[in-house]
Amino acid sequence: MIPIGERINGMFLDMKKAIADKDKKPVQELALRQKKAGAAYLDCNVGTASDDQEAAMRWLVETIQEATDTPIAIDSQKLNVIKAGLEAVDNLKGCLVNSCSGDEEKLDVYLPVCVEKNASLIVLTMTKEGVPQSVEERVEIAATIIGKAAEYGMESARLFIDPIILPINVPGAQAQPGFIMDALSQIRIMTDPPVHITCGLSNISQGTKERSIINRTFLAMAAAVGMDSAILDVLDTDLMDAWITAEMIINKQIYSDFFLKAARMNM
């Protein structure tokens, strides 16, 4: 399991203020809390905290690296902001770029940048045509992504494919989780070793009243068909325990009476 801590994000009011004020303390404290909770990466998104997003991203990356060696996921829809973050990364463990669409012209830009910087990459199974509405479309886009990654020499172990989760309460979206899980089982067998499968977990429950149980249930179900990563709140103990338990049940974690504690010690 590869948990990506979602919380260092300018969309959250406390982080927005810290980034705007260049106040290192709350950022570093949150980074350390997420590391302790098991984050394999710390997702960093400056959001709307600064007009100069490139400078803010460099500051954010440098601030986190002062406190922890947990790899960083540089999160932005703007390539110039991602490049600024990559310039600031100084971590032998590498980093992760979040994210790129599955359009070939986008892949032709993002893949060489990531290969040059030894960064892993999250790619969304969507194109300029929008979010796919079927299993077949997701699998087809994933195949394009995997082919392009191989063309640029990116190992499958550094490629994360995001099948795009829509809020469950959006009209017509309730069938999508089933499509996603069918697609995951096919995508996982396209390469050896398989690519990683990730998602922005909180998207599925956006706008609903029962967010926690929806998140936990989908995470456990998706883990059973091959999803091994998620961008999520690693500080939510119940959520993380559900993921660990799902992996134990499908024999990815060794059972003992203390399997939860053992799994956390190995994070």
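The values are calculated or read from the model by the stated rules, or taken from the named source; none is laboratory data. Remember, predicted model here, so these are calculated numbers, not experimental data. Methodologically, a virtual Cβ is constructed for each residue, glycine included, from the backbone with ideal geometry; neighbour enumeration extends over all protein chains shown.
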inquiry  = Residues that are in a loop (DSSP other than H, G, I, E, B), among the aromatic types (Phe, Trp, Tyr) and surrounded by fewer than 21 Cβ atoms within 10 Å (Cβ to Cβ): does the stretch 244-265 have at least one?
reply    = yes
note = Looking across the stretch 174-204 at residues that are of a type in the set (Val, Ile, Thr) and under 14 Å from ALA222 (Cβ atoms), the single one that is modelled with the lowest pLDDT is ILE180
inquiry  = Tell me whether the stretch 160-174 contains one or more residues that are in a helix (DSSP H, G or I) and either basic (Lys, Arg) or surrounded by 15 or more Cβ atoms within 10 Å (Cβ to Cβ) (or both).
reply    = no
key: Counted residues, the stretch 140-164 - those being hydrophobic (A, V, I, L, M, F, W, C) and touching a Pro at 6+ places or on another chain (Cβ under 7 Å)   = 2
query = For the subset of the stretch 181-228 comprising residues that are crowded, with 23+ Cβ neighbours inside 10 Å and small (Gly, Ala, Ser), which member is nearest to PRO3 (Cα to Cα)?
reply = ALA223
query = Of all residues in the stretch 188-201 being of a type in the set (A, V, I, L, M) and touching a strand residue (DSSP E or B) at 6+ places or on another chain (Cβ under 6 Å), which is nearest to ARG138 (Cα to Cα)?
reply = ILE197
note = The correct count of residues that are under 19 Å from LEU232 (Cβ atoms) and either of a type in the set (Lys, Arg) or assigned to a helix (DSSP H, G or I) (or both) in the stretch 175-207 is 10
query = Of the residues LEU232, LEU166, LEU201, LEU184, which is touching a Leu at 6+ places or on another chain (Cβ under 6 Å) and under 17 Å from VAL131 (Cβ atoms)?
reply = LEU201
